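Below you'll find the structure, written out as structure tokens, and then a few comments.
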Amino acid sequence: EAAKNALAKIRAVLPADLAEMLDTGGLLVGSGAPIIAGTIDLGDVREAMRKERKVVIAYADAKGLVTERTVWPVALGFFDQVRMLAAWCELRNDYRHFRFDRIRSLTLLDERTPRRRRVMMKEWRTREGLAPESV
């Protein structure tokens, strides 16, 4: 709660362009125990986010069933003990969260995402209750 209050105070005094950067930043960090590392190179995901490119992942659910997903990366998060990827999932036609330790493979595509990441980031933040007005 203290972090949310501090962030709201910082945002309130930032110029509009910097406030927008704060709102659309793609790195989210929560408190918690040491992170369970996956085998995926986070640099590849950051590149996909920066270049607004789609990626194909092979993703294992909690039961170990692997599905192939084409996703549009929005944000990286470090929560509790896992790294997470927030992304638009073409299979589910919605935002989904993917644990990095369950991503078996990741391929960066040349195909651009149909929407700008900054737009998706704002939409995702609103859906998750992380929009600046809710902080």
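Would you mind classifying segment 69-135 by shape? Square roots of the alpha carbon gyration tensor eigenvalues, ordered a ≥ b ≥ c; an a/c under 1.5 is rounded, otherwise it is prolate if a/b is larger than b/c and oblate if not. Don't jump to the answer; show the numbers that get you there.
Details: a/c = 2.11, a/b = 1.18, b/c = 1.78.
Oblate, since a/c reaches 1.5 and b/c is not below a/b.
For segment 56-135, what is the relative contact order in percent, using Cα pairs closer than 8 Å and at least 6 residues apart in sequence?
Result for segment 56-135 is 26 percent.
With the Cα gyration tensor of segment 34-100 giving a ≥ b ≥ c as the square roots of its eigenvalues, does the rule (a/c under 1.5 for rounded; else a/b larger than b/c for prolate; else oblate) give rounded, prolate or oblate?
oblate
Sorted by average packing, counted as other Cβ atoms within 10 angstrom per residue and highest first, what order do 94-102, 60-68, 38-46 take?
Per-residue Cβ counts within 10 Å, averaged per peptide and sorted highest first, yield 94-102, 38-46, 60-68.
So what are the ³J(HN,Hα) numbers for segment 96-103, from phi and the Karplus equation (6.51, -1.76, 1.60; θ = phi - 60°), rounded to whole Hz, Gly and Pro as x?
9, 10, 10, 6, 5, 6, 9, 7
For segment 64-105, what class follows from the C-alpha gyration tensor (a ≥ b ≥ c being the square roots of its eigenvalues): rounded when a/c is under 1.5, otherwise prolate if a/b is larger than b/c, else oblate?
oblate
Per-residue HN-Hα couplings for segment 125-131, Karplus 6.51 cos²θ - 1.76 cosθ + 1.60 at θ = phi - 60°, whole Hz, x for Gly and Pro?
4, 4, 4, 8, x, 10, 5
Since every read-out is calculated from the coordinates, none of them should be taken as a lab result. Everything numeric in this text was worked out from a predicted model, so none of it was measured. Note that each Cβ is placed from the backbone with ideal geometry, even for glycine, and that neighbours are counted across all protein chains shown.
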